[in-house]
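**Q** Submitted below is the structure of interest, expressed as structure tokens.
Values quoted throughout were computed directly from the atomic coordinates according to the rules given, and no laboratory measurement underlies them. Since the structure is predicted, the reported quantities are computational estimates derived from the model, not experimental observations. Note that we place each Cβ from the backbone using ideal geometry, even for glycine, and neighbour counts take in every protein chain shown.
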Amino acid sequence: MKKSLQLFVGCFFIFNINVTHCFGGFNYKSQLIADTNFLDSIERTVTNVAIDSSKVFTSLIASSNNQNGYNVSLNPEAKLFVDQYIHTHADYLNNMKVWGKPYFDLYDKILSAYGVPVQLKYLSVIESSLSSTAISWAGAVGPWQMMSEAAREYGLRTGNYDDRYDYVKSTNAAARMLSTLYSTYKDWLLVIAAYNCGTANVNRAITKAHSTNFWRIQYYLPEETRNHVKKFIATHYYFEGNGSIATLTADEAKNYILNNDANKNNSYASLISTCTAISVFGKYNSVVIANTLGMDISMFNQLNTGFDDALTKGLIYTMHLPADKAALFQAKKILILKQSVELFLSSANTLPVQNK
């Protein structure tokens, strides 16, 4: 494994979990779990217990970090598939919540830098089970399973030295590709479909169905692709306990935003009125703060819009935190700042480079 990647992810691990791996001795295979174990978890025989996703998600929402108060309904077209998928993969996905956290944190930072919803990180789960060494029968490689032609188009080297195996470089390329696809379709479900089977197949399905609604064009897509989209939705709901703009069609997303705007504003005003205001300055990082305080990053961002941008510009920012989190921040602010600076230094050379 490349030393530069070992160093970066080693740093990331120190800031997000306990110090159990040294920089030089980090072993991706032991952390990610052998691919054979993953296949066994998929193929194992499971007990015949029916799972109702509506009940599962209600339970998850009650106990998860979903704090925005709004539930995104699961499309009826996906419900049966989602029920069966969770029935088969729940144990494995639950374990991934623990060992996969450093990778999800890395994905969050890079995807958000490109304006891609951080929930698209679950695409890497169904593509490769987060494995950097995954290789498909078709020749797709790495955690984002990029084909060589697409990889080169987005600036990755292939061949003897293959950037697709590199978490940081491949995630930057995948984020750029997802962003480009969204500029074409303005619909994240179509983006996921196109990522799997290519734009030509998606465009052909749109033409045949006379629609840009995924649920109407799905049977004009390859079976693997329509199931791929549903796997993403199932994985998203399992991890998040809810849907998001990434699990909705473009029309569903517009309706959801319109129907919830007023309630969202009222909820935000009510929430922020109960928070403690703290003035901060320096290289604090929102992800490090949220992780250290045990806050959902989406909740932190909702309370502190433009936090990272303001501090990057050297401004003083009035940060809002729930009272208990504010007290914890004051107790750990030196540690948080140290980890934020270390993360900044370790990732300084891996942030997106704009094309000239």
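**Q** Taking H as built 1.01 Å from N, whose amide H comes closer than 5 Å to the amide H of MET319, not counting residues under 5 places away?
**A** Here ILE278, SER279, VAL280 satisfy the definition.
**Q** Take ALA113 and LYS186, extend 7 Å from each Cα along the Cα→Cβ direction, and tell me the distance between the two endpoints in nm.
**A** 2.9 nm
**Q** Any chance you could run the full-extension gain for GLU224 through ILE334? It's 0.36 nm times the residue separation minus the Cα-Cα distance, nm to one decimal.
**A** Gain in length upon complete extension: 34.7 nm.
**Q** Under the √(5λ) rule applied to the eigenvalues of the Cα gyration tensor, what semi-axes describe the equivalent ellipsoid of the range 275-347? Give them in Å, descending.
**A** 17, 14, 12
**Q** Can you list which of the trypsin sites (Lys or Arg not before Pro) found in the range 279-330 are DSSP loop residues with at most 13 other C-beta atoms within 10 Å?
**A** Of the trypsin sites (Lys or Arg not before Pro), the ones in loops of the range 279-330 whose Cβ has at most 13 other Cβ atoms within 10 Å are LYS313.
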